[in-house]
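The values are calculated or read from the model by the stated rules, or taken from the named source; none is laboratory data. Quick caveat: nothing in here was measured; it's all calculated off a predicted structure. Backbone-built Cβ (ideal geometry, glycine too); neighbour counts: all protein chains shown.
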Amino acid sequence: MEVPKLLRMNGGDGTYSYSKNSFLQRKVLSITRPIVEEALETLYSEMKFPKTMIMADLGCSSGPNTILLISDLVNSIENIRLKLGHEKSPNIHIHLNDLPHNDFNTIFLLISEYQKKLTLPASSSSPPCYFSGVPGSFYTRLFLDKSIHFVHSSYSLMWLSQVPEMSETNKGNVYMSDTSPRSVIKAYREQFQNDFLMFLKCRAQEVVDGGHMVLTILGRRNEDPCSKENLYSWDLLAAALTDMVNEGHIEEEKLESFNIPLYHAYAKEVSDAIEEEGSFMIDCLKISEVNWDASTGENPDFSQENGQGYNMGKCMRAVAEPLVLSHFGESVIEEVFVRFTNNIRNFMSKHNPKNVNITVSVTRKR
Ligand code: SAH
């Protein structure tokens, strides 16, 4: 599986688009907002009222979350400037990065709407803002040396650069699970460690001395990746696919060769990697939770009859459909997601599942 070519959230604004089904990720943005604000305030005052602030959102995807994030960044800078009594707004430049197949067109359309609002007389005090799209993997260099003041990334860095190379088959699973061979777990862990180190090395060259990063990733609660305490929704996808194999709709080898390129890190794995790489100092590391039923949001399609699981099913489809489609093909895709959603719905009717989020705020050492 060529991850950089195949990984993307569903584009556009259709029923299964990321735009329409990313309430859970939006909730995470609001949970972590205070950490972003604190980092920006430190940065702004330490830089002694800079004339220009250059920021980057890595793994921005497309849709309302991207706009929410940029408006949060712009408003925060403006509020901090007023709070610190500085007269002139800085010029703000925000780079929006994602893999090349991301739906950048939808972002650019939404940004032009946002910019129109920014220039209305009521917001005449808004700072001058500039935006650019930067296609490419954040596991490679994306920006000029020492050119970025602030890096933000939410719910993106758990995606790996590739499916880990496995010496044994991850039979009956599509991700780490309590029935996965130990070698599979090790391969996942090592892939995350290598990728995250590469990410840090690249950003260390691009972030100015004293610059900040706030990174939020989907993580896990228990140190042992196979502990039942860690909840991976991918088990429910594996169950749907296994049923389809048993009923003869999907070939067994197809399932055996499919694994999700993602890793739920344990907080210490994140902090250890930052310390090992050595260019950034950890200001804070916080763990938060978000209920799966946050995927319901203000979804107009939501009805009690469909149940909470229906929306989480759509959220997972918006995230995973391109990967599943490229591997299993058009003919089974509908059925896979009907079954996956049913499994999510059943699970949510008995449990109150939550995602664990790890947010780390760091400063580039001088
Ligand atoms: N930050 C947004 C989107 C999260 S979805 C939000 O909070 O809602 C995760 C995004 O990360 C996807 O758009 C995916 O394409 C992107 N992504 C995954 N791996 C990436 C990589 N190596 N480089 C850049 N973007 C990546």
*Which condition number in (1) among the basic types (Lys, Arg); (2) surrounded by fewer than 21 Cβ atoms within 10 Å (Cβ to Cβ); (3) at pLDDT 95 or above is the one that Lys228 fails?*
(3)
_Residues of segment 210-249 satisfying the condition of being over 20 Å from the mean Cα position of the chain (by Cα) and within 19 Å of Val360 (Cβ to Cβ)_ = Gly210, Gly211, Asn222, Glu223
*Got at least one residue in segment 50-68 being free of Cβ contacts under 8 Å to residues at least 24 places away in the same chain and either away from the ligand (no atom under 16 Å from the Cβ) or surrounded by fewer than 21 Cβ atoms within 10 Å (Cβ to Cβ) (or both)?*
no
*Can you tell me which residue in segment 2-26 is nearest to the ligand (Cβ to nearest atom), limited to those that are among the charged types (D, E, K, R) and closer than 16 Å to Ile67 by Cβ?*
Arg26
*Quickly run through segment 69-88 and pick out the residues that are among the aliphatic types (A, V, I, L, M) and within 16 Å of the ligand (Cβ to nearest atom).*
Leu69, Ile70, Leu73
*asked:* Condition first: within 24 Å of Ala318 (Cβ to Cβ) and not in a helix (DSSP H, G or I). Now tell me which residues in segment 23-82 satisfy that.
replied: Ala56, Asp57, Leu58, Gly59, Cys60, Ser61, Ser62, Gly63
*Hey, Gln193 hits all of (1) touching a Pro at 6+ places or on another chain (Cβ under 9 Å); (2) at pLDDT 95 or above; (3) surrounded by fewer than 22 Cβ atoms within 10 Å (Cβ to Cβ) but one; which does it fall short on?*
(1)
